[in-house]
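The values are calculated or read from the model by the stated rules, or taken from the named source; none is laboratory data. All values derive from a computational prediction rather than experimental measurement. FYI the Cβ positions are ideal-geometry reconstructions off the backbone, even for glycines, and counts take in every protein chain you see. Each accessible area value is taken on the protein alone, full model and side chains, heavy atoms only, with ligands, DNA and RNA left out. Shrake-Rupley method; radii C 1.70, N 1.55, O 1.52, S 1.80 Å.
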Amino acid sequence: MELPKKYDPKEEEPKLQERWEKDKIYSFDKKSKAKIYSIDTPPPTVSGKMHLGHAFSYAQQDFIARFHRMKGENVFYPFGTDDNGLPTKLLVEKVKKVKASKMDRKEFVDLCLKTLDEELRPKYIEDWKKIGMSCDFKLFYTTINEHCRKLSQKSFLDLYKIGREYRAEAPAMYCPKCQTAISQVECEDQNISSFFNDIVFKVGKEELIIATTRPELLPACVAVFYHPDDKRYHKYKGKKAKVPLFDHEVPILEDERADPEKGTGIVMCCTFGDSTDAEWQKAHNLPIKEAIGKDGRMTAIAGKYEGQTIETARKMIIEDMKDSRLLLSQEPITHDVNVHERCGTPIEFIHSKQWFIKYLDLKDDMLKWGNELKWYPEHMKNRYDNWVNGLAWDWCISRQLPYGVPFPVWYCKGCDEVVVAKEKDLPVDPMSDKAPVSKCPTCGCVEFVPEKDIINTWATSSLTPQIAASLIPEMYDKLYPMSLRPQAHDIISFWLFNTVVKSRLHNDKNPWKDCVISGWALDPKGKKMSKSKGNVIEPQVMIEKYSADALRFWAGGSKLGEDLPFQEKDLLTGQKMITKMWNASKFGIMHLEDYDLKKPKKLELIDRWILTKLNKIIKDGTEAFEKYEYSRTKMDVEKFFWQVFCDNYLEIVKDRLYNPDKRGDDARESGQYTTYRTTLTMLKLMAPIMPYITESIYQLYFAEKEKKKSIHISSWPAPDKKEIDEEAEKKGDIVVDVVSAVRKLKSEKGVSLKEEVKKLVIDCEEDLDEAVDDIKATTRALEVEFGKGDMECSDKVKIKVEF
């Protein structure tokens with residue numbers, strides 16, 4: 001049998017990708033009666049190219065998909081891309097060197113769609129195929145295509161009809177840089193250096209010192225608050241304070257939300273500096289003054305500071321207060337500030353009309369919903385619970401962006417009555433489509449104003465289970481709720497939580513049974529990767545340098561949920577594993593040309609030894625995979641492959657395979673059966689982790705014998721209790737100890753391993769008679785006898801060696 005001399009991943013991996021697609025290896029079978037295992041595949045945001053975190057997280061979910069497919073389950077594993085809203089807008093502006101604000105809206109939307117279809121998306125998806133994702137890429141969606149726009153708009157209509165959506169003029173979180181409202185879930189805390197500025201308000205002739213980090217908000221100051229128990233300020237109750245520089249007067253009020261320990265204990269309320277300001281304004285019915293506009297610049301009420309950026313206005317106001325002796329002191333501080341996770345800009349609160357999903361009244365239910373999910377690892381549920389407990393706002397879902405899924409809404413020009421689209425007309429774009437009624441049902445007006453805002457991308461991507469399941473409408477109820485949601489831990493509050501909420505509001509059920517949460521890929525020093533730090537490692541470069549299998553091997557080294565620093569040496573280890581698997585398998589296959597797949601009536605001791613260990617690995621590996629502990633399976637199989645199979649078994653069995661005339665056909669057939677079974681089983685156990693090399697070896701020989709065109713649709717190994725022989729394992733361990741000790745002794749003496757041993761004396765309690773021929777052949781001993789030994793191999797055996 002002539003076999004290829006070496007394995008070249010650069011040549012083999014692309015060929016296998018093509019083969020898998022051509023043979024539809026990963027296609028979901030609509031006609032199959034097998035158990036369905038459905039996966040809510042995360043649709044990656046189209047951001048140019050796959051980053052290392054993607055490769056890490058998606059490889060881990062693919063391990064799981066491949067395992068369930070080999071178990072014989074009908075795996076529903078679609079692939080989608082998230083390509084609507086702000087991220088796509090920013091990417092297209094960068095790639096095409098344009099600004100949406102300077103283009104006609106329809107022209108920009110068309111440019112986005114064309115750029116995605118022709119330039120960005122096809123190349124982007126190729127990265128996922130290269131790392132060996134076993135998705136059914138024909139089950140495909142994009143969160144901006146007609147299918148998704150329709151479902152997203154239908155979700156809006158359904159929630160509006162049951163009173164879960166409302167439009168309100170209210171303070172909303174706003175990103176001045178991206179110039180759009182954002183939701184609580186899109187904020188993150190960032191530790192920022194700043195100053196506590198002690199500034200002088202006047203109460204009559206008396207000075208009232210207030211500490212603030214936001215002096216630029218003075219023109220929007222509408223009240224001053226102190227805690228009811230803070231006796232220092234009781235004398236000011238019912239009085240008014242004059243705002244420095246701007247000279248308007250504001251009431252001095254009591255409220256328990258004022259912190260006596262923070263700053264001077266008395267605080268100004270501006271509309272709006274933060275969420276507490278918004279709460280105070282509502283609770284005390286205070287006027288609304290807007291000092292910062294949607295463009296992130298000061299408004300007309302700021303007087304001479306109008307048109308300045310927030311930072312510039314802050315500096316100018318501080319200097320003016322110094323000149324007017326209204327700034328007593330500055331204390332440098334670092335404090336957590338809410339920033340937009342997309343761009344890192346501190347958020348503002350802008351008073352505007354926005355659409356919200358009402359859900360704050362459901363917080364107790366949300367915790368129950370989380371309890372009904374199975375979390376892997378379990379502690380990740382804490383992140384969900386913490387998020388729910390910290391919710392302070394309803395979900396703002398409107399965004400002031402030109403590109404995304406439009407709201408299916410118009411407003412009566414006469415009375416502002418909301419008019420929604422009819423379901424049969426979806427998807428619609430109010431900017432180009434007419435309202436579904438000819439006149440307002442409330443006031444009779446015949447003119448309607450289209451909603452210009454778009455639905456936040458998370459409000460669409462939180463429908464991915466329904467979006468994916470509806471790709472096969474006739475099987476929707478079999479696919480949803482889904483079996484699995486795999487995702488990274490950083491978007492539990494973004495994607496997982498919102499998906500649960502949407503599924504519960506629409507269908508009163510959780511969207512999946514299990515959640516598996518992956519960690520982050522970090523730089524070699526354990527730091528988060530970012531372009532600004534210059535520590536980004538590109539998976540494409542690593543695949544080119546090593547292989548996709550080597551990269552997956554690295555990803556498989558992390559327990560589920562754990563962050564993993566990138567170490568290139570781990571890829572080198574993976575590449576060595578690939579080379580060794582190829583060479584060891586090839587060696588075995590060379591001696592299987594005449595093997596007839598029959599199990600011999602009698603197996604040699606060392607064959608029973610390795611088969612016992614193999615069946616234990618199968619049992620443990622399967623149980624680990626069932627609990628999503630793929631790293632344990634990978635570690636156990638890797639150790640078995642190197643230390644048991646390569647270092648010991650192949651060395652011991654090779655004489656039987658090479659010399660049937662000397663050892664007899666029965667001994668050779670026992671070795672052939674064991675080599676075949678062990679090699680094939682190890683390939684199958686590693687197939688989910690390293691799909692390319694295992695498939696290549698499978699195609700060399702096993703595909704024809706097993707009658708399956710791919711290892712990835714062959715059956716997962718099942719442990720055979722009949723092959724577990726504890727006595728043989730115990731004796732086999734001693735045989736290995738003896739062989740290893742003789743090898744070590746030869747090395748220490750500088751003697752070739754092929755050097756003959758005149759006599760080998762074995763001192764142990766076990767009867768090793770049936771292994772004598774294997775011991776002789778492996779140690780090159782001319783004579784083996786059992787007696788008194790003088791060299792300890794282990795606590796179970798001693799030997800004596802005569803050269």
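With respect to (1) modelled with pLDDT of 95 or more; (2) among the hydrophobic types (A, V, I, L, M, F, W, C); (3) open to solvent by less than 10 Å² (accessible area, probe 1.4 Å), the lone exception for residue 454 is condition (1).
Filter the stretch 560-585 down to the residues that are hydroxyl-bearing (Ser, Thr, Tyr) and either outside any helix (DSSP H, G or I) or touching a residue at least 60 places away in the same chain (Cβ under 8 Å) (or both), then identify the one that is surrounded by the most Cβ atoms within 10 Å (Cβ to Cβ). Here the residue is 585. When 730, 798, 754 are checked against the criterion of being in a loop (DSSP other than H, G, I, E, B) and either open to solvent by 70 Å² or more (accessible area, probe 1.4 Å) or in contact with a Gly (Cβ under 8 Å, 6 or more places away or on another chain) (or both), 754 stands alone in meeting it. Can we say residue 22 is open to solvent by 60 Å² or more (accessible area, probe 1.4 Å) and touching a residue at least 12 places away in the same chain (Cβ under 8 Å)? Spelling it out, it is not the case that residue 22 is open to solvent by 60 Å² or more (accessible area, probe 1.4 Å) and touching a residue at least 12 places away in the same chain (Cβ under 8 Å). Comparison of 154, 150, 138 shows that the only residue that is open to solvent by 60 Å² or more (accessible area, probe 1.4 Å), in contact with a helix residue (DSSP H, G or I) (Cβ under 8 Å, 6 or more places away or on another chain) and closer than 21 Å to residue 463 by Cβ is 154. Return yes or no: is residue 295 in a loop (DSSP other than H, G, I, E, B) and modelled with pLDDT under 90? Judged against the criteria, residue 295 is a match.
Within the stretch 780-795, the set of residues being within 51 Å of the chain's Cα centre (by Cα) and surrounded by 15 or more Cβ atoms within 10 Å (Cβ to Cβ) comprises 793 only. Within the bounds of the stretch 509-525, is there any residue that is part of a loop (DSSP other than H, G, I, E, B), at pLDDT 95 or above, within 25 Å of residue 389 (Cβ to Cβ) and open to solvent by 10 Å² or more (accessible area, probe 1.4 Å)? Within the stretch 509-525, one or more residues are part of a loop (DSSP other than H, G, I, E, B), at pLDDT 95 or above, within 25 Å of residue 389 (Cβ to Cβ) and open to solvent by 10 Å² or more (accessible area, probe 1.4 Å). Contact map, the stretch 596-608: residues that are touching a residue at least 24 places away in the same chain (Cβ under 8 Å) paired with residues that are assigned to a loop (DSSP other than H, G, I, E, B) and not hydroxyl-bearing (Ser, Thr, Tyr), Cβ distance under 6 Å, separation 6+ or inter-chain. Pairs shown: 608/725.
Among residues of the stretch 167-181 being in contact with a helix residue (DSSP H, G or I) (Cβ under 9 Å, 6 or more places away or on another chain) and surrounded by fewer than 22 Cβ atoms within 10 Å (Cβ to Cβ), the one that is farthest from residue 297 (Cα to Cα) is 170.
Filter the strands (runs of 3 or more DSSP E) completely within the stretch 187-262 down to those with at least 1 residues that are open to solvent by 40 Å² or more (accessible area, probe 1.4 Å) and either over 22 Å from residue 275 (Cα atoms) or touching a residue at least 60 places away in the same chain (Cβ under 8 Å) (or both). It would help to see each step written out before you state the result.
Values: elements: 187-203, 206-212, 221-226, 240-242, 249-254.
In the stretch 187-262, the matching strands (runs of 3 or more DSSP E) lie at 187-203, 206-212, 240-242, 249-254.
Being crowded, with 18+ Cβ neighbours inside 10 Å, under 17 Å from residue 216 (Cα atoms) and of a type outside the set (D, E, K, R) narrows it down to one residue among 321, 366, 316; which is it? Write out each step before concluding.
On the way: 366 fails: under 17 Å from residue 216 (Cα atoms); 316 fails: crowded, with 18+ Cβ neighbours inside 10 Å.
The conditions single out 321.
Residue pairs whose Cβ atoms lie under 9 Å apart, sitting 6 or more positions apart in sequence or on different chains, and linking a residue in the stretch 362-381 that is in a helix (DSSP H, G or I) to a partner that is loosely packed, with under 13 Cβ neighbours inside 10 Å, are 363/389; 367/389; 381/371. Within the stretch 339-361, the only residue that satisfies the criterion of being in a helix (DSSP H, G or I) and surrounded by 12 or more Cβ atoms within 10 Å (Cβ to Cβ) is 360. Residues that are touching a Ser or Thr at 6+ places or on another chain (Cβ under 9 Å), without any contact (Cβ under 8 Å) to a residue 40 or more places away in the chain and surrounded by fewer than 17 Cβ atoms within 10 Å (Cβ to Cβ) are absent from the stretch 283-294 altogether. On the stretch given as the stretch 398-417, residues that are of a type in the set (Asp, Glu) and surrounded by 24 or more Cβ atoms within 10 Å (Cβ to Cβ) total 0.
Screening residue 618 with (1) of a type in the set (Val, Ile, Thr); (2) out of contact with any Ser or Thr (no Cβ under 8 Å at 6 or more places or on another chain); (3) closer than 30 Å to residue 562 by Cα gives one miss only, at (2).
Scanning the stretch 457-489 for residues that are open to solvent by 40 Å² or more (accessible area, probe 1.4 Å) and within 18 Å of residue 374 (Cα to Cα) gives a single hit, 481. Scan the stretch 104-117 for residues that are more than 16 Å from residue 140 (Cα to Cα) and free of Cβ contacts under 8 Å to residues at least 12 places away in the same chain and the total you get is 4. Residue 97 meets all of the listed conditions (1) open to solvent by 30 Å² or more (accessible area, probe 1.4 Å); (2) within 26 Å of residue 687 (Cα to Cα) but one, namely (2).
Output the residues belonging to the stretch 602-629 that are farther than 18 Å from residue 514 by Cα and among the charged types (D, E, K, R).
Initially, the stretch 602-629 is screened for residues farther than 18 Å from residue 514 by Cα, giving 602-621.
Residues satisfying the conditions are 602, 604, 607, 608, 613, 616, 619, 620.
The residues of the stretch 95-107 that are in a helix (DSSP H, G or I) and modelled with pLDDT under 90, listed by number, are 100, 101, 102, 105, 106. Of the residues in the stretch 399-411, at least one is over 35 Å from the mean Cα position of the chain (by Cα) and free of Cβ contacts under 8 Å to residues at least 60 places away in the same chain.
A residue that is in contact with a Gly (Cβ under 8 Å, 6 or more places away or on another chain) and open to solvent by 10 Å² or more (accessible area, probe 1.4 Å) occurs somewhere in the stretch 644-655.
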